[in-house]
Amino acid sequence: MGVLAGAEPFSHPGSSGAGFLLCHGFTATPDGMRAWGEHLAGKGFAVRCPLLPGHGTHWRDLNRTTWQDWYATVREALLALRAECDQVFVGGMSMGGTLTLRLAEEFGSDISGIVLVNPSVTRLSLDAKVLPLLSRVVPSIRAIGNDIAKPGEVELAYPRTPVRAAASLARLWKIVRADLAKVTQPVLLLHSRVDHVVEPENSRIVLDGISSTDVTEVVLENSFHVATQDHDAELIFSRSVDFARQPRAGQVGAG
């Protein structure tokens, strides 16, 4: 099946010497990051947002992939961006935040900072605990997409949640949580006051586990989970630019 209209990966050239890798969420697509990417590009940043394997086609395709496939894709995009830019930042929403944390754990100071929007590192509800067993008998469960407060805004996401892929994501959560202390980069974490997909405990686990000393937490008062398409989108965009432009020792300024 071909890629859905609007789900395509995107990239923008930069003029500031700094770049941003954006990582979309589970069952979602780059469409939910497109406005963020355009805002960053307008401020001079080079931008890349890949389409993760198994996404943007049919939910059954996602069940044929694992977290290693998704991570390999964002890792490759990061290496390409690093070859072009003096500074590289990584931003992600939901599972995109999980992948962002894993990149930070692996690459250390080669990443100048990370921006996390409603990052996921666990699921406290019962369905997450039974995912490994459930994945053997049930191909999909109800959708998690479109948790948006803004009227008329629609997320381009799958109408079902692939269970085998969700079980793989749960394995990634465990790995990322175990290595959170390896995250030392500056961090901007933005999380919604009300989120029907990722429990607020996720952001607390991240903030309590990382070793970063330059940490900014922002509570999004007017958005649900898909905050990059919600009422607080412009706040996310502007704060990420301010975060990346903030002078820090040993870093080249981002125009």
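The values are calculated or read from the model by the stated rules, or taken from the named source; none is laboratory data. These figures come from a predicted structure and were not determined experimentally. All Cβ positions, glycine included, derive from the backbone under ideal geometry; neighbour counts span all protein chains shown. Remember, those area values only see protein heavy atoms, side chains included, never the ligands or the DNA or RNA. Shrake-Rupley method; radii C 1.70, N 1.55, O 1.52, S 1.80 Å.
For this structure, a couple of remarks:
- Considering region 195-210, the residues that are open to solvent by less than 60 Å² (accessible area, probe 1.4 Å) and not in a helix (DSSP H, G or I) include one that is farthest from LEU156 (Cα to Cα), namely ILE210.
- Of all residues in region 81-95, one or more are closer than 23 Å to GLU217 by Cα, in contact with a Phe, Trp or Tyr (Cβ under 6 Å, 6 or more places away or on another chain), among the aliphatic types (A, V, I, L, M) and touching a residue at least 12 places away in the same chain (Cβ under 8 Å).
- Among the residues of region 13-41, the ones that are closer than 14 Å to THR98 by Cβ and among the β-branched types (Val, Ile, Thr) come to 1 in all.
- Among the residues of region 115-133, some residue qualifies, meaning at least one is surrounded by fewer than 23 Cβ atoms within 10 Å (Cβ to Cβ), at pLDDT below 95 and within 21 Å of HIS58 (Cα to Cα).
- Whichever residue in region 64-109 is of a type in the set (Ser, Thr, Tyr) and not in a helix (DSSP H, G or I) and, among such residues, is most open to solvent (accessible area, probe 1.4 Å): THR66
- No other residue among ALA149, ALA167 is farther than 28 Å from ARG239 by Cα and either assigned to a helix (DSSP H, G or I) or in contact with a Phe, Trp or Tyr (Cβ under 6 Å, 6 or more places away or on another chain) (or both) apart from ALA167.
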